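A short write-up of the structure that comes next.
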Amino acid sequence: MPEGPEIRLAADRVQAALAGREIETIEFAFEHLQPFADRLRGRTVNCVDTRGKAMLTRIDGGWTIYSHNQLYGRWYVCARGRTPNTGRQLRLAIHNDRHSALLYSASEIDVLRDDRLHEHPFLARLGPDLLSENPSVSELVERLQSQPFRGRQLAALLLDQGFVAGLGNYLRAEILTLAKLHPMRRPRDCSKAQLRHLAQQIIRLTRRSYRTRGIVNPPSLVARLKAAGYTRREQYRFNTYGRDGEHCHFCDGTIEQAQIGGRKMYFCPTCQPGD
Ligand SMILES: [Zn+2]
């Protein structure tokens, strides 16, 4: 399941193909959206934003195309008029003079006025997006200390897109390890310094994963692991996620796995003591 950094990278590809260019034709597979094709033709795409796992294609004149890939949706960018070799169902096609951006298999697509975006049921409940809205450390600390979130276990809170948008299972595990916090801790059990450190790791690791296309370990550690003969990306990109039974790179501990809320949670009991 893609997390914020993977969604942002997909949005970058679509943005590079569409931004600053006029839409020559646009096709919607869903009948109720087809009337919008005429209204959007000839308008310029401004940018492509992300809100958690949703993508917002911003179009001149106050229009936004909302799309959510769920599990199967996938964007392809091709030279104008070409189509990828896929058995998927085409749901949305945006063509300009050079490129075609094609969205396959996604079932959640909508065309919205910018001033009504906040009313959209998915967008309305999202926290700030870590890669499009760039919340600050102090804003995140304030959220961690606020009534709806301060009593929640960190393992569940970090996956809640209403807290911040863009974290998933691998980022959650690595953030909590580097923040040295046990997954069952709650913000209200943490000192202000711990919350600041946690907020810094949330921002830093999400941006790093975006920049490095999914390598979450600190660059100095990655260099050391590669020098020590780790050759496969799976071996050096994470410290904790998917590495239960393996040696922690930050201490002498062994990574453990626990089922929390039906999902696998990985942590280092030495770096992240229970109390
Ligand atoms: Zn450790």
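Net charge near N96: determine it from the other residues with C-beta under 12 Å of the C-beta of N96, scoring Lys and Arg +1 and Asp and Glu -1.
Charge balance in the 12 Å sphere: +2.
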- Note on the structure: If the label point sits 7 Å along Cα→Cβ of E22, residues of segment 59-94 with amide N under 19 Å come out as 59-63, 80-81, 94
- Task: Can you pull the one-decimal nm distance between simple spin-label points at R188 and E31, each 7 Å off the Cα toward Cβ?
- Result: 5.2 nm
- Message: Per residue, how much accessible surface does segment 124-256 expose to a 1.4 Å probe? Answer in Å², no decimals.
- Response: 46 Å²
- Item | Charge-dipole axis of the chain as Lys and Arg at +1 and Asp and Glu at -1 on Cβ define it, positive-most pick from I175, I202, C248 | C248
- Top positive-direction residue, dipole computed over segment 183-275 with Cβ charges, set S191, G214, Q235: G214
- Counting Lys and Arg as +1 and Asp and Glu as -1 over every other residue whose Cβ sits under 13 Å from the Cβ of G20, the net charge comes to +1
- Scan segment 1-54 for trypsin sites (Lys or Arg not before Pro) in coil per DSSP, keeping those whose Cβ has at most 13 other Cβ atoms within 10 Å, and list them by number. R41
- Item | Accessible area in square angstrom per residue, segment 1-76, 1.4 angstrom probe | 44 Å²
- Report relative contact order for the chain in percent, whole number only (criteria: Cα-Cα under 8 Å, sequence separation at least 6). 16 percent
- Query: Lys/Arg Cβ at +1, Asp/Glu Cβ at -1, dipole of the chain taken about the Cα centre: which of G87, F267, F30 is farthest positive-ward?
  - Reply: F267
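On the protein heavy atoms, probe 1.4 angstrom, tell me the percent of accessible surface of the chain carried by carbon and sulfur. Please list the in-between numbers first.
On the way: 5890 of 13160 Å².
Summing carbon and sulfur atoms, their accessible area is 45 percent of the total for the chain.
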- Which loop-located GluC sites (Glu not before Pro) does segment 211-275 contain, where loop means any DSSP state but H, G, I, E or B and the Cβ has at most 16 other Cβ atoms within 10 Å? E246
- For the chain, shape from the Cα gyration tensor axes a ≥ b ≥ c, cut at a/c of 1.5 then a/b versus b/c, turns out prolate
- Message: Of all beta bridges DSSP finds with both residues in the chain, what is the antiparallel percent, to the nearest 5?
- Response: 95 percent
- Message: Run lengths n ≥ 4 of DSSP H only: what is the helix-derived mean residue ellipticity at 222 nm for the chain, with -39500 (n - 2.57) per run over all residues, to the nearest 500?
- Response: -8500 deg cm²/dmol
- Taking the simple approach of a point 7 Å from Cα along Cα-to-Cβ for both S107 and A227, what is their distance in nm? 5.1 nm
- By the gyration tensor of its Cα atoms, with a ≥ b ≥ c the square roots of the eigenvalues, what is the shape of segment 14-106: rounded for a/c under 1.5, prolate for a/b over b/c, or oblate? rounded
- Task: With a 4.7 Å Cβ cut-off, tell me which Cys residues in the chain come up empty for a partner.
- Result: C47, C78, C190, C251
- Query: Between T44, T177, T212, which gets the highest mean-square fluctuation from a Gaussian network model of the chain, Cα cutoff 10 Å?
  - Reply: T212
- Message: Sequence gap at least 6, Cα distance under 8 Å: using those rules, report the relative contact order of segment 1-147 to the nearest whole percent.
- Response: 24 percent
- What does the charge dipole of the chain about its Cα centre add up to, to the nearest 20 debye, if the Cβ of each Lys and Arg holds +1 and the Cβ of each Asp and Glu holds -1? 640 debye
- Note on the structure: A chain fully extended from R82 to E119 at 0.36 nm per residue, minus the present Cα-Cα distance, gains in nm 9.7 nm
- Message: Given points 7 Å out from each Cα along the Cα-Cβ axis, report the L71 to R207 separation in nanometres with one decimal.
- Response: 3.5 nm
- Task: Under a 10 Å cutoff between Cα atoms, tell me which one of L130, L221, L18 has the largest fluctuation in the Gaussian network model of the chain.
- Result: L221
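Could you give the length gained by full extension between R150 and R39, i.e. 0.36 nm per residue of separation minus their alpha carbon distance, to one decimal place?
35.4 nm
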- Item | Rounded FRET efficiency, nearest 0.05, which uses the C-beta distance separating D12 from D252 and R0 of 41 Å | 0.55
- Query: What percent does the relative contact order of segment 196-275 come to when contacts are Cα pairs within less than 8 Å and at least six residues apart?
  - Reply: 18 percent
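The values are calculated or read from the model by the stated rules, or taken from the named source; none is laboratory data. Because the structure is predicted, anything quoted here is derived from the model rather than measured. A quick note on method: Cβ atoms are made from the backbone with ideal geometry, for glycine too, and the neighbour counts reach across all protein chains shown. Surface accessibility is based on the protein's heavy atoms, side chains included, excluding ligands, DNA and RNA. Shrake-Rupley method; radii C 1.70, N 1.55, O 1.52, S 1.80 Å.
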